[in-house]
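Read the structure below first, then the notes.
The values are calculated or read from the model by the stated rules, or taken from the named source; none is laboratory data. Predicted, not measured: the structure shown is a model, and the values here were computed from it. Here the Cβ is made from the backbone with ideal geometry for all residues, glycine too, and neighbour counts use every protein chain on show.
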(Lines give C-alpha, C1' and ligand atoms only; values in the text may rest on other atoms or scores of the structure.)
Protein backbone atom coordinates (compact mmCIF):
# COMPACT_ATOMS: atom_id res chain seq x y z
CA UNK A 1 0.00 0.00 0.00
CA UNK A 2 1.48 3.32 -1.05
CA UNK A 3 2.11 6.01 1.55
CA UNK A 4 -0.42 8.41 -0.03
CA UNK A 5 -3.09 5.70 0.04
CA UNK A 6 -2.29 4.91 3.67
CA UNK A 7 -2.51 8.61 4.54
CA UNK A 8 -5.93 8.83 2.85
CA UNK A 9 -7.23 5.77 4.72
CA UNK A 10 -5.95 7.18 8.02
CA UNK A 11 -7.70 10.50 7.39
CA UNK A 12 -10.95 8.68 6.58
CA UNK A 13 -10.67 6.63 9.77
CA UNK A 14 -10.00 9.79 11.78
CA UNK A 15 -13.11 11.51 10.39
CA UNK A 16 -15.22 8.40 10.99
CA UNK A 17 -13.95 7.94 14.55
CA UNK A 18 -14.58 11.59 15.39
CA UNK A 19 -18.03 11.37 13.80
CA UNK A 20 -18.87 8.35 15.94
CA UNK A 21 -17.93 10.38 19.01
CA UNK A 22 -20.40 13.06 17.99
CA UNK A 23 -17.97 15.55 16.52
CA UNK A 24 -19.47 17.57 13.71
CA UNK A 25 -17.45 18.83 10.79
CA UNK A 26 -18.02 21.58 8.31
CA UNK A 27 -18.64 20.04 4.90
CA UNK A 28 -15.57 21.82 3.46
CA UNK A 29 -13.34 19.82 5.84
CA UNK A 30 -14.71 16.38 5.00
CA UNK A 31 -15.69 16.72 1.34
CA UNK A 32 -12.14 16.99 -0.08
CA UNK A 33 -11.22 13.70 1.60
CA UNK A 34 -14.35 12.05 0.21
CA UNK A 35 -13.54 13.33 -3.27
CA UNK A 36 -9.94 12.15 -2.96
CA UNK A 37 -11.20 8.76 -1.82
CA UNK A 38 -13.42 8.30 -4.84
CA UNK A 39 -10.64 9.48 -7.15
CA UNK A 40 -8.30 6.94 -5.58
CA UNK A 41 -10.90 4.18 -5.96
CA UNK A 42 -11.17 5.02 -9.66
CA UNK A 43 -7.37 4.90 -9.99
CA UNK A 44 -7.35 1.47 -8.37
CA UNK A 45 -10.11 0.26 -10.69
CA UNK A 46 -8.09 1.50 -13.65
CA UNK A 47 -5.09 -0.42 -12.37
CA UNK A 48 -7.25 -3.55 -12.10
CA UNK A 49 -8.29 -3.14 -15.72
CA UNK A 50 -4.67 -2.76 -16.84
CA UNK A 51 -3.66 -5.85 -14.89
CA UNK A 52 -6.55 -7.82 -16.37
CA UNK A 53 -5.44 -6.81 -19.88
CA UNK A 54 -1.89 -7.94 -19.16
CA UNK A 55 -3.17 -11.25 -17.77
CA UNK A 56 -5.35 -11.72 -20.88
CA UNK A 57 -2.36 -11.11 -23.15
CA UNK A 58 -0.25 -13.62 -21.27
CA UNK A 59 -2.96 -16.27 -21.29
CA UNK A 60 -3.42 -15.78 -25.05
CA UNK A 61 0.31 -16.36 -25.49
CA UNK A 62 0.07 -19.55 -23.45
CA UNK A 63 -2.94 -20.66 -25.53
CA UNK A 64 -0.83 -20.09 -28.66
CA UNK A 65 1.75 -22.47 -27.23
CA UNK A 66 4.31 -19.85 -26.21
CA UNK A 67 6.24 -20.26 -23.00
CA UNK A 68 5.96 -17.61 -20.36
CA UNK A 69 7.43 -17.74 -16.88
CA UNK A 70 4.76 -18.95 -14.45
CA UNK A 71 6.03 -16.38 -11.93
CA UNK A 72 5.05 -13.58 -14.29
CA UNK A 73 1.42 -14.64 -14.47
CA UNK A 74 1.38 -15.49 -10.77
CA UNK A 75 2.70 -12.02 -9.87
CA UNK A 76 0.07 -10.29 -12.03
CA UNK A 77 -2.70 -12.36 -10.45
CA UNK A 78 -1.40 -11.55 -6.96
CA UNK A 79 -1.29 -7.84 -7.76
CA UNK A 80 -4.80 -7.99 -9.25
CA UNK A 81 -6.18 -9.67 -6.14
CA UNK A 82 -4.49 -7.15 -3.84
CA UNK A 83 -5.67 -4.19 -5.89
CA UNK A 84 -9.24 -5.50 -6.04
CA UNK A 85 -9.23 -5.96 -2.26
CA UNK A 86 -7.77 -2.48 -1.73
CA UNK A 87 -10.49 -1.02 -3.95
CA UNK A 88 -13.24 -2.87 -2.10
CA UNK A 89 -11.85 -1.84 1.29
CA UNK A 90 -11.66 1.81 0.25
CA UNK A 91 -15.17 1.85 -1.21
CA UNK A 92 -16.47 0.28 2.02
CA UNK A 93 -14.87 3.12 4.01
CA UNK A 94 -16.29 5.75 1.69
CA UNK A 95 -19.93 4.82 2.38
CA UNK A 96 -20.01 6.05 6.00
CA UNK A 97 -17.81 9.01 5.06
CA UNK A 98 -20.35 10.01 2.41
CA UNK A 99 -23.04 9.78 5.08
CA UNK A 100 -20.93 11.99 7.34
CA UNK A 101 -20.63 14.57 4.55
CA UNK A 102 -24.40 14.46 4.00
CA UNK A 103 -24.91 15.32 7.69
CA UNK A 104 -22.28 18.07 7.67
CA UNK A 105 -23.45 21.64 7.74
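Structural remarks
Conditions (1) surrounded by 12 or more Cβ atoms within 10 Å (Cβ to Cβ); (2) within 10 Å of the chain's Cα centre (by Cα); (3) at pLDDT 95 or above, marked per residue:
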position	(1), (2), (3)
20	no, no, no
36	yes, no, yes
41	yes, yes, yes
97	yes, no, no
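- Residue 13 vs. criteria touching a residue at least 24 places away in the same chain (Cβ under 8 Å), loosely packed, with under 13 Cβ neighbours inside 10 Å and either within 18 Å of residue 91 (Cβ to Cβ) or touching a strand residue (DSSP E or B) at 6+ places or on another chain (Cβ under 8 Å) (or both): yes
- Conditions (1) more than 18 Å from the chain's Cα centre (by Cα); (2) without any contact (Cβ under 8 Å) to a residue 12 or more places away in the chain; (3) over 22 Å from residue 104 (Cα atoms): number failed by residue 46: (1)
- The set of residues from segment 39-68 being closer than 12 Å to residue 87 by Cβ and either in contact with a helix residue (DSSP H, G or I) (Cβ under 7 Å, 6 or more places away or on another chain) or not in a helix (DSSP H, G or I) (or both) comprises 40, 41, 44, 45, 47, 48, 51.
- Some residue of segment 72-88 being outside any helix (DSSP H, G or I), in contact (Cβ under 8 Å) with a residue 24 or more places away in the chain, out of contact with any strand residue (DSSP E or B) (no Cβ under 7 Å at 6 or more places or on another chain) and surrounded by 13 or more Cβ atoms within 10 Å (Cβ to Cβ): no
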